[in-house]
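Participant: There's a structure below that I have some questions on.
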Amino acid sequence: MIDLKNVEHPQLCIPTWRVKPFQSWSVLGRNGSGKQWLIALLCGELKHFTAERAELPNRQNVGVITFEKQQQLFEHELAIDCSDLTDAIEYGTEVRAFLPAAHINHPLIDMLHMRDKLDSGYRQLSTGESRKLLLLQAVLNGAQYLVCENPFDSLDPDSCQALSQAMQLLSNTTNIILFLNNVQDIPSWCECAAIVEAGHLNPLGPCSEPGVQQALNNFFDDSIPKAVDWPTPPVALQEFNFKHLVEIQNLSIQYASNHLFDGFNLQIKPLQHTLITGSNGSGKSTLMQLITGDNPFCYTNHVVVFNYRRGSGESIWDIKRHLGIVSTELHRNYRVNCDVLTVVCSGFFDTIGVYKQPDRVQINHALHWLRMVGMEGLAKQPFHKCSYGEQRLALIARALVKSPLLLILDEPTQGLDSYNRRIILQFIEKIAAFKHSTVVLVSHRVDEQLSLFKQHIDLDNK
C-alpha cells in the first residue's frame with residue numbers, strides 16, 4: 001500500500017494520498033506540472049523530502065515504464081554497440097534477452113503482440129514496442145507496482161486497445177499508476193484519479209464519483225492562447241527549382257525474413273503536405289530516416305532529396321540545411337549538457353549542441369520561438385532538467401527556427417498535453433498558410449489528420 005501524508009520537497013507537495021492494494025490510479029497533469037517528481041518518489045529515487053507519513057513500496061517491487069527509462073535503455077544499447085569496430089549493422093540486444101527465460105511463453109507476450117519481435121534487435125523496435133517491452137520486463141520479473149507514463153503515446157489504435165486490455169487484466173493483481181497528460185487517455189477500468197499542478201498533488205477520488213470528471217475537464221482548459229507575431233519566412237517555396245523535394249523508387253528493405261519495404265515508391269512535391277500513417281513496426285520512422293540520411297539503407301536504394309541522390313558524393317550539409325526534424329530518434333540522441341536556448345539555436349547549425357557562437361539575430365529569433373511554444377521562461381533551464389513534454393516543445397522550436405524547406409515531424413506531439421498539442425497543430429496550419437515549408441507528418445492520432453494534407457501514405461497498405 002502507498003500511504004503519504006504531508007510530504008514536502010522543493011518540487012513536490014502531497015498533503016495526503018492513499019493507494020489501496022490492487023487499486024489503479026490515473027495521475028494527470030500538464031507538461032511541466034511536476035509529475036516526474038512524484039514518479040521519482042514512488043520509485044525510491046527522490047531525495048531530501050520530509051513527510052509526516054511515507055509508506056512506499058519496496059523499490060525492487062516497482063516496475064517503471066517512462067520515457068526516461070526508455071532513454072536509459074537506449075543509451076545502454078549505444079554503450080555496448082560494437083558496429084564502429086566491425087562495420088556490421090548492429091540491431092542491438094535481442095528482445096528475448098530482456099525477458100526471464102522461464103516466462104518466455106507467457107500469454108502476456110501474445111496479448112501485447114510481441115511474440116514475433118522476440119528475435120528482433122532492440123533498435124528494430126518502434127517507440128511503442130520498446131515501451132511494451134519495458135512493461136513485459138517489469139511484469140514477468142514480478143513487479144507488484146507498475147508506474148507508467150503516457151503508456152498509450154505513439155501506439156496505433158489496435159495496440160492501444162491491446163495494451164489497455166492487458167493492463168486491465170494485470171490490475172486485478174497489481175497496483176497500476178498511470179501518469180497522463182490528457183483526460184481522454186484515462187482507461188475505463190481505472191478506479192481513481194488525481195491532479196498534479198505546480199508539484200502539488202490533489203487526489204480527486206473514484207472516477208465514478210459525480211464531479212470527478214467535471215473537475216478533470218475544468219482543470220484541462222484547452223483554450224488557445226492569444227496570437228503572437230509569426231516570424232516571416234525568407235522565401236516562398238513556389239520558387240523551388242525542382243519537381244520533387246523527395247523521390248524514392250522501388251524501395252527494398254529486409255530484416256532477416258521480414259520485408260519491411262518491397263518495391264515501395266514515394267514522391268513529395270513542393271507544398272505537397274504529406275501524412276504518413278501505419279501500425280507500429282510498419283516502417284514509418286524508417287521511411288523518415290531514409291529521407292534524413294540517418295538510415296544506411298538510403299545509400300543502397302534510389303533515394304533523392306532536394307535533387308541529391310543519396311550516396312552520390314553529396315555533402316550531408318547540402319541536405320540538412322533545408323531540413324527541420326522532430327523525431328524520437330533526435331530526442332533520445334540529444335544527450336549533450338546544455339540549456340534550452342542552446343537546443344533551439346542548434347537548429348541553425350543542424351547539430352546536437354552548439355559549437356559556433358550564434359549571433360544576436362539568431363538568439364533573438366530562437367527566443368521568439370521559445371515564446372511561441374510557451375517556454376521563454378525556461379531558456380536558461382538545463383534541457384535534461386525539463387520534463388519530456390517540455391523537451392519535445394523545445395525540439396519543435398529547434399526544427400522551426402530556420403524555416404526549413406522540408407519539415408519532418410515524426411509523432412511531434414508525443415508527450416504533450418492537449419493544450420500544447422493544439423498549439424503545435426496550429427503551428428502546422430500556419431506553416432502551410434505561409435507556403436514556405438512542406439510538412440511531412442507521422443501520426444497515429446485521428447485528430448492530427450488535418451485538411452491541409454494533400455497526400456496520405458498508409459504504410460499498412462504499402
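The values are calculated or read from the model by the stated rules, or taken from the named source; none is laboratory data. In this text, all values refer to a predicted model and were calculated from it rather than measured experimentally. Note: ideal-geometry Cβ built from the backbone for every residue, glycine included; neighbour counts use all protein chains shown.
Participant: Considering only residues that are under 13 Å from K35 (Cβ atoms) and assigned to a strand (DSSP E or B), which ones fall in the stretch 171-185?
Facilitator: Once the filter is applied, which keeps residues that are under 13 Å from K35 (Cβ atoms) and assigned to a strand (DSSP E or B), the stretch 171-185 yields I177, L178, F179, L180.
Matching residues to (1) closer than 21 Å to F67 by Cβ; (2) among the hydrophobic types (A, V, I, L, M, F, W, C):
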{"position": "C148", "(1), (2)": "yes, yes"}
{"position": "S164", "(1), (2)": "yes, no"}
{"position": "M167", "(1), (2)": "yes, yes"}
{"position": "L170", "(1), (2)": "yes, yes"}
{"position": "C190", "(1), (2)": "yes, yes"}
{"position": "A193", "(1), (2)": "no, yes"}
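Participant: What number goes with the only condition from (1) surrounded by 11 or more Cβ atoms within 10 Å (Cβ to Cβ); (2) modelled with pLDDT of 65 or more that F240 does not pass?
Facilitator: (2)
Participant: Among the listed residues G313, G353, identify the single one that is over 30 Å from Q254 (Cα atoms) and in a loop (DSSP other than H, G, I, E, B).
Facilitator: G353
Participant: Looking at the stretch 363-396 only, could you name the residues that are within 20 Å of R332 (Cβ to Cβ) and either outside the structural domain of T328 (by TED's automatic domain parsing) or surrounded by fewer than 18 Cβ atoms within 10 Å (Cβ to Cβ) (or both)?
Facilitator: Q381, P382, H384, K385, listed by residue number.
Participant: Do we find that N337 is part of a helix (DSSP H, G or I), surrounded by fewer than 16 Cβ atoms within 10 Å (Cβ to Cβ) and modelled with pLDDT of 90 or more in this structure?
Facilitator: Details: part of a helix (DSSP H, G or I): no; surrounded by fewer than 16 Cβ atoms within 10 Å (Cβ to Cβ): yes; modelled with pLDDT of 90 or more: yes.
Spelling it out, it is not the case that N337 is part of a helix (DSSP H, G or I), surrounded by fewer than 16 Cβ atoms within 10 Å (Cβ to Cβ) and modelled with pLDDT of 90 or more.
Participant: Starting from the stretch 57-74, take each residue that is among the basic types (K, R) and list its partners that are not in a helix (DSSP H, G or I), counting only C-beta distances under 7 angstrom and pairs at least six apart or across chains.
Facilitator: Matching pairs, first to second residue: R59/C43; R59/G44.
Participant: Looking at this structure, is A399 more than 19 Å from S285 (Cα to Cα) and either assigned to a strand (DSSP E or B) or not polar (S, T, N, Q) (or both)? So that I can check it myself, show each step before the final result.
Facilitator: Numbers: more than 19 Å from S285 (Cα to Cα): no; either assigned to a strand (DSSP E or B) or not polar (S, T, N, Q) (or both): yes.
When the stated conditions are applied, A399 does not pass them.
Participant: Related question: With the condition kept exactly as written, say whether any residue in the stretch 408-428 is closer than 20 Å to D350 by Cβ and either in a loop (DSSP other than H, G, I, E, B) or not assigned by TED's automatic domain parsing to the domain that holds T351 (or both).
Facilitator: Yes: one or more hits.
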